[in-house]
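Notes follow the structure.
The values are calculated or read from the model by the stated rules, or taken from the named source; none is laboratory data. Just so it is clear, the structure is predicted and the values come from calculations on it, not from any experiment. Heads up, the Cβs are rebuilt from the backbone with ideal geometry, glycines too, and the neighbour counts pull from every protein chain shown.
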Amino acid sequence: MASGHLGSRALGGAAAVISEATAVSPEGRISIDDIGIWKDEHIPYLQTITRFISEHGSVPGIQLAHAGRKASHAAPWSGERMLQLAEGGWVPVAPSAIPFSADNAMPSALSIEGIKKVKLDFISAAKRAVEAGSSSLRSMQPTVTCCTSSFHP
């Protein structure tokens, strides 16, 4: 559970605690068990985490992510293998139809509309992150670039 793991870092005296690889869309998850921020229903749970982190003297942050061609895997503790559709997996989306490796599924190449959707997913997720109480944001797009920024309440 993310709240216990992240909360323990705040209790341990970390200056900042960042929720890693928080998916901006269901198809952007690395694994089926990833935490997400693609819908408003995620905000209350994330608020519980950020509130706890803040109450214990740490700055809550979040890394927004889209896995691209690396999506649709089992969780690390389940072997990190590519999930088949019958196992609850999904077709990854990426800038091109080139798989991450020979063991991975062929991703669907993003159209211009698909690229715009990913952009809007990041924008919406950033707004939700602020509403959830995050004080810093890191945007992680493995197929493009990484950028870091902070915002103040």
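Structure notes:
- Condition broken by Pro95, with the remaining ones in (1) buried (at least 18 other Cβ atoms within 10 Å of the Cβ); (2) without any contact (Cβ under 8 Å) to a residue 60 or more places away in the chain satisfied: (1)
- Filter pass, Ala10 being among the hydrophobic types (A, V, I, L, M, F, W, C), farther than 18 Å from Trp77 by Cα, assigned to a helix (DSSP H, G or I) and modelled with pLDDT under 95: yes
- Filtered residues of the range 97-126 (kept if among the polar types (S, T, N, Q), assigned to a loop (DSSP other than H, G, I, E, B) and either closer than 21 Å to Ile32 by Cβ or at pLDDT below 90 (or both)): Ser101, Asn104
- Filter result (closer than 24 Å to Gly133 by Cβ and touching a residue at least 60 places away in the same chain (Cβ under 8 Å)) within the range 54-85: Ser54, Val59, Pro60, Gly61, Ile62, Gln63, Leu64, Ala65, His66
- Evaluation of Thr22 against (1) more than 14 Å from Leu137 (Cα to Cα); (2) touching a residue at least 12 places away in the same chain (Cβ under 8 Å); (3) not acidic (Asp, Glu) (one fails), failing number: (1)
- Selection count where residues are part of a loop (DSSP other than H, G, I, E, B) and touching a Pro at 6+ places or on another chain (Cβ under 7 Å), scope the range 41-66: 0
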